[in-house]
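Right, one structure below, let's go through it.
The values are calculated or read from the model by the stated rules, or taken from the named source; none is laboratory data. Everything numeric in this text was worked out from a predicted model, so none of it was measured. Cβ placement follows ideal geometry from the backbone for every residue including glycine, while neighbour counts extend to all protein chains displayed.
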Amino acid sequence: MSQKVDVVVIGAGAAGLMCAAEAGKRGRSVLVLDHAKKPGRKILISGGGKCNFTNYDVSASNYLCSNPHFVKSALSQYTNWDFIAMVSKYGIEFEERDHGQLFCLESAKDIVKMLLSECETPNIRFRYQTGVHSIEKTESGFSLHADTDVIECESLVVATGGLSMPKLGATPFGYKIAEQFGLEVKPTTAGLVPFTLHKEDKEDFAELSGIAVPAEITANDGTLFKEALLFTHRGLSGPSVLQISSFWKPGQSVSVNLVPEADIDELLARSLEKHPNQSLKNTLARVLPKRLVEVLIERKVFADKPLKQYHAKELVAIREALEHWKIAPNGTEGYRTAEVTLGGVNTDHLSSKTMECKSIQGLFFIGEVMDVTGWLGGYNFQWCWSSGFVAGQHV
């Protein structure tokens, strides 16, 4: 048994749904295949169930890609404002949080319902819990051997996502398709992911689990993020850590400014003048959680004495220690908790205007399966919307 359609989209996630909707509007017959039971699973759990669907401020600089110019065309063809307009058209209420991040007020389900509504035309069909066992190039397009039949199509869109969150069904299938057709896949690793710590560090900071502080974290390449840092029972997390993890490489340390909003020189000088007998611990506890100060003292980052016993150079060294605290992660929590996958299908093989493979007519890659990774804050969903849209215009 076989059937023929214009377009097959493998993957009913953010990018796949957007692509299917746009292709359908152009009158293409579209079949969306997914091995999961329902669509948009990653959308549903993202942002604590509220889906950080885009950001007010989106540019190419918010993305990691071996070709930094690749993302510009798609992001300009379908912008964050275009998606915001669609959300507004459907009456979905949303709110702005830190750094321009936009979240649903009610539920991420609203975004999935919206995308499925966009796909509600007779020429778009969905098949769930369906595996694709092999793909062949034919004269007229592609032949896919699925669980129960053979599907012929002119255009094949790979929207299979990356390896992050395997519990949601993430697999390397999209990379295997790319390799089958001779495309390079850049090495993959977990991105936007918490750090784990070495045994001694983990033990020292274990009792700080649940404590969050404002922080500036800098990677070896100078990349800096100023957001909250969260101590956990496994290591370090929070927005600043997730952001910097995409720029960190094993064996490297990161530099943490634990007091980005405090003038430590002024704090120490004033306290020395007014309360010379006050301990350093109690002084610093005005700008940091007291237990964190105690752990830093226990780790001999600095000694705890009455302020009057410190020389001027020692006070400068204390400020330096707080603004440039070095910590060397043992690793990350890996794909299990990673929000995205770094690496993927090399964008040099793809048209930045259409997402079509340059060497294989009719083969498209969109979303996270590509070597495009956004910052935390709605940027990865925006890439799904933008890349899915432009592919949908050309399949």
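Summary of values
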| read-out | value |
| --- | --- |
| Positions within region 22-54 being crowded, with 18+ Cβ neighbours inside 10 Å and among the charged types (D, E, K, R), in sequence order | Glu22, Arg28, Asp34, Arg41, Lys42, Lys50 |
| Enumeration of residues in region 133-169 that are surrounded by fewer than 18 Cβ atoms within 10 Å (Cβ to Cβ) and closer than 25 Å to Ile43 by Cα | Pro166, Lys167, Leu168, Gly169 |
| Verdict on Ala215 being part of a strand (DSSP E or B) and small (Gly, Ala, Ser) | yes |
| Contacts under 6 angstrom Cβ, first residue in region 182-198 being aromatic (Phe, Trp, Tyr), partner part of a loop (DSSP other than H, G, I, E, B), 6 or more apart | Phe195/Pro329 |
| Residue that is nearest to Asp348 (Cα to Cα) [pool: residues in region 60-78 that are buried (at least 19 other Cβ atoms within 10 Å of the Cβ) and not aliphatic (A, V, I, L, M)] | Phe70 |
| Hits in region 11-20 (condition: under 21 Å from the mean Cα position of the chain (by Cα) and either of a type in the set (A, V, I, L, M) or part of a helix (DSSP H, G or I) (or both)) | Ala12, Ala14, Ala15, Gly16, Leu17, Met18, Cys19 |
| Odd one out for Gly251, checked against (1) in a loop (DSSP other than H, G, I, E, B); (2) on the phi < 0 side of the Ramachandran plot | (2) |
| Of all residues making up region 220-248, the number that are within 17 Å of the chain's Cα centre (by Cα) and outside any strand (DSSP E or B) | 12 |
| Tyr63 being under 18 Å from the mean Cα position of the chain (by Cα), aromatic (Phe, Trp, Tyr), within 24 Å of Tyr175 (Cβ to Cβ) and at pLDDT 95 or above | yes |
| Yes/no for Ala23 being within 16 Å of Cys153 (Cα to Cα), at pLDDT 95 or above and more than 18 Å from the chain's Cα centre (by Cα) | yes |
| Selected residue (only one of Gln278, Gln252 is under 23 Å from Thr337 (Cα atoms) and in contact (Cβ under 8 Å) with a residue 12 or more places away in the chain) | Gln252 |
| Criterion: in contact with a helix residue (DSSP H, G or I) (Cβ under 9 Å, 6 or more places away or on another chain) and either over 30 Å from Asn62 (Cβ atoms) or of a type outside the set (Val, Ile, Thr) (or both) - qualifying residue of Glu139, Glu207, Glu154, Glu203 | Glu207 |
| Residue in region 146-156 that is without any contact (Cβ under 8 Å) to a residue 60 or more places away in the chain and either in a strand (DSSP E or B) or at negative phi (or both) present | yes |
| Filter result for the condition that a residue is farther than 30 Å from Leu44 by Cβ, touching a Phe, Trp or Tyr at 6+ places or on another chain (Cβ under 8 Å) and either without any contact (Cβ under 8 Å) to a residue 40 or more places away in the chain or not assigned by TED's automatic domain parsing to the domain that holds Val345 (or both), over Asp221, Asp201 | Asp221 |
| Whichever residue in region 79-124 is without any contact (Cβ under 8 Å) to a residue 40 or more places away in the chain and in contact with a Ser or Thr (Cβ under 8 Å, 6 or more places away or on another chain) and, among such residues, is surrounded by the fewest Cβ atoms within 10 Å (Cβ to Cβ) | Tyr90 |
| Helices (runs of 4 or more DSSP H) wholly inside region 267-386 containing at least 1 residues that are more than 15 Å from the chain's Cα centre (by Cα) and crowded, with 24+ Cβ neighbours inside 10 Å | 280-284, 290-298 |
| Options Lys226, Lys202: the member that is touching a strand residue (DSSP E or B) at 6+ places or on another chain (Cβ under 8 Å), within 23 Å of Val372 (Cα to Cα), surrounded by fewer than 19 Cβ atoms within 10 Å (Cβ to Cβ) and not β-branched (Val, Ile, Thr) | Lys226 |
